[in-house]
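Working notes, beginning with the structure itself.
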Amino acid sequence: IILAAVTAAALAVLFNSAFLRWLDRNLFARFNAWRLVCVARQWMASCLEYRQHPLLLLEAFALSIAVQAARVLIFYVVALGFDLHAPLMYYAIFIPLIMVLIMLPISLNGIGVREVSFVGFFAMAGMPESGAFVVSFTVSVLTTLTTALGGIIYMFDRNPARNPSAEG
């Protein structure tokens, strides 16, 4: 909820024209020769294109919330399958944080980071460390197997979806 509130506030600031003009005049103009400033201006221009499509932005945000909720429920159900009980609220708080941690470029596909983070967070919630590791590892294996299955199906698909923009 806090992350959603921060995101909403950031979007409100980002799409505020007065703030963007101030940022361009006072910050970007001073460091115009820096490559980072050029990249930041391009990024801002790309973000501002979404102003013309607010429903698309809202839809993407809703889908991302749904994916996170599904991810939380998957971890919760796997833990229940191993007869490990922790309140669902802990999962709703910890799982998004763990997902942010595994995105850090410090390991291959977040392996190890996911398990250590899960054990650390859920040990604070009273879950045995061995049980927390088993839940995290099981979800990791299940995710790998299901995505591999999708990759195999895609690899042998004789009629893949065509890109309409690529057709002349």
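The values are calculated or read from the model by the stated rules, or taken from the named source; none is laboratory data. The shown structure was predicted, so the numbers you read here are calculated from the model rather than taken from an experiment. Ideal geometry is used to build each Cβ from the backbone, glycine not excepted, and the neighbour counts take in all protein chains shown. Each accessible area value is taken on the protein alone, full model and side chains, heavy atoms only, with ligands, DNA and RNA left out. Shrake-Rupley method; radii C 1.70, N 1.55, O 1.52, S 1.80 Å.
Report every pair of residues separated by at least 6 positions or lying on different chains whose Cβ atoms are under 8 Å apart, first residue within segment 89-108 and farther than 19 Å from A79 by Cβ, second surrounded by 11 or more Cβ atoms within 10 Å (Cβ to Cβ) and not small (G, A, S).
Final answer for the pair search is L104/V113; I106/V113; S107/V113.
Got a number for residues in segment 124-149 being open to solvent by 40 Å² or more (accessible area, probe 1.4 Å) and either touching a residue at least 60 places away in the same chain (Cβ under 8 Å) or assigned to a helix (DSSP H, G or I) (or both)?
Result for segment 124-149: 15.
Report the residue count in segment 52-69 for those that are over 13 Å from the mean Cα position of the chain (by Cα) and within 18 Å of I95 (Cα to Cα).
Adding up the residues that qualify gives 0.
Here are the criteria: (1) within 17 Å of the chain's Cα centre (by Cα); (2) not in a helix (DSSP H, G or I). Tell me which single one A86 does not satisfy.
Condition (1) is where A86 drops out.
In this structure, does I111 turn out to be surrounded by fewer than 17 Cβ atoms within 10 Å (Cβ to Cβ) and not polar (S, T, N, Q)?
Numbers: surrounded by fewer than 17 Cβ atoms within 10 Å (Cβ to Cβ): yes; not polar (S, T, N, Q): yes.
Spelling it out, I111 is indeed surrounded by fewer than 17 Cβ atoms within 10 Å (Cβ to Cβ) and not polar (S, T, N, Q).
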